[in-house]
Amino acid sequence: MKRTIGIIALALAAALSATAQTTDNMDRIEVCKQNYRTLFGGEALTGQGTDPEMMDILQKFIFGEVFQTGDLTLKQREMITCITLATMQTLPQLKAHAGAALNVGVTPEELREVMYLTAPFIGFPKMLNAVATVNEVFKERGISLPLEKQGTVTEETRHKAGKAIQDKQYPGGVSSVMSGMPGDMGKNVEQFLTDYFFGEIYSRGALDLQTRELLGYCVLTTLEAESQLHSHYHGNINAGNSPETLTAAVIQCLPYIGFPAAIKALRIIKEEYAK
């Protein structure tokens, strides 16, 4: 516990040091204002509202500092933010960022796929909550529903398609983990992973495999799913994401999930990268 607190304190000190440096030359303030205007069409740092001090801290840190960390596009950053908020079920913030995502070029089909991608990680009920929130934004924007279908498999092809993706990304699957389950039902779970997770979700259109792997890592970071973070690091590398991109994605999650969860994922990236 003391070690964790110490790590968090060091991270906070580093953030405060960076804040002091950027505040001196006003860069983060100007970047914050520009990013906020691009994303939301409004002005940041207005000093208005019931909690202007906290909003000032929040906006300068997120849009002025985190948004400058790593080589991610605004489109990538908003997809990462949206899937993180959907995972946490912070639906009012998801609604605001769904609008921002559309403003920076995320298509309705892509945004819907970002929400659908959460289902294997957090379950159908929470996914449906997120989809309903995003659909509210679509309706407000005059976007007709339902959107164009993106499924690419049939009952006959879902297993073959899923196995092809799984074998490429995760050779060996989870057979070693699922073997020896009571009633030999581990085989059912293995098949669900192949046919549903990879076959019906990962094979869909609108988002490529590289983007799905990156966003999936952000979900696992949010959930602090340590075992899966190790394996999905390699899934990301196999999909073409660099360790630097993966690191930047986790840092993009940080303001929404907090330092402990982000540092856990960053430590795992560091460990796997060192190998």
Name the residues in the range 126-160 that are among the charged types (D, E, K, R), open to solvent by less than 100 Å² (accessible area, probe 1.4 Å) and more than 21 Å from the chain's Cα centre (by Cα), would you?
R158
Hey, Q169 under 24 Å from the mean Cα position of the chain (by Cα), open to solvent by 70 Å² or more (accessible area, probe 1.4 Å) and under 22 Å from L223 (Cβ atoms) or not:
no
May I ask you to list the residues in the range 172-198 that are part of a loop (DSSP other than H, G, I, E, B) and open to solvent by 70 Å² or more (accessible area, probe 1.4 Å)?
S179, G180, M181, M185
Modelled with pLDDT under 95, assigned to a helix (DSSP H, G or I) and not small (G, A, S): does that describe D167?
yes
In the range 199-245, which residue that is β-branched (V, I, T) and more than 16 Å from D167 (Cα to Cα) is surrounded by the fewest Cβ atoms within 10 Å (Cβ to Cβ)?
T245
Result of the Cβ filter at 7 Å on the range 263-275, keeping first residues that are farther than 16 Å from C253 by Cβ and partners that are open to solvent by less than 20 Å² (accessible area, probe 1.4 Å), at least 6 apart or interchain, is E272/Y233
Give me the pairs, please: first residue somewhere in the range 194-209 and charged (D, E, K, R), second residue anywhere and in a loop (DSSP other than H, G, I, E, B), beta-carbon distance under 8 Å, and either six or more positions apart or on two chains.
E200/G151; E200/V153; R204/Q150; R204/G151; R204/T152
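The values are calculated or read from the model by the stated rules, or taken from the named source; none is laboratory data. Since the model is a prediction, treat every value here as computed from it, not as a measurement. Reconstructed Cβ throughout: ideal geometry from the backbone, glycine too, with neighbour counts over all protein chains shown. For accessibility, only protein heavy atoms count, side chains too; no ligands or nucleic acids. Shrake-Rupley method; radii C 1.70, N 1.55, O 1.52, S 1.80 Å.
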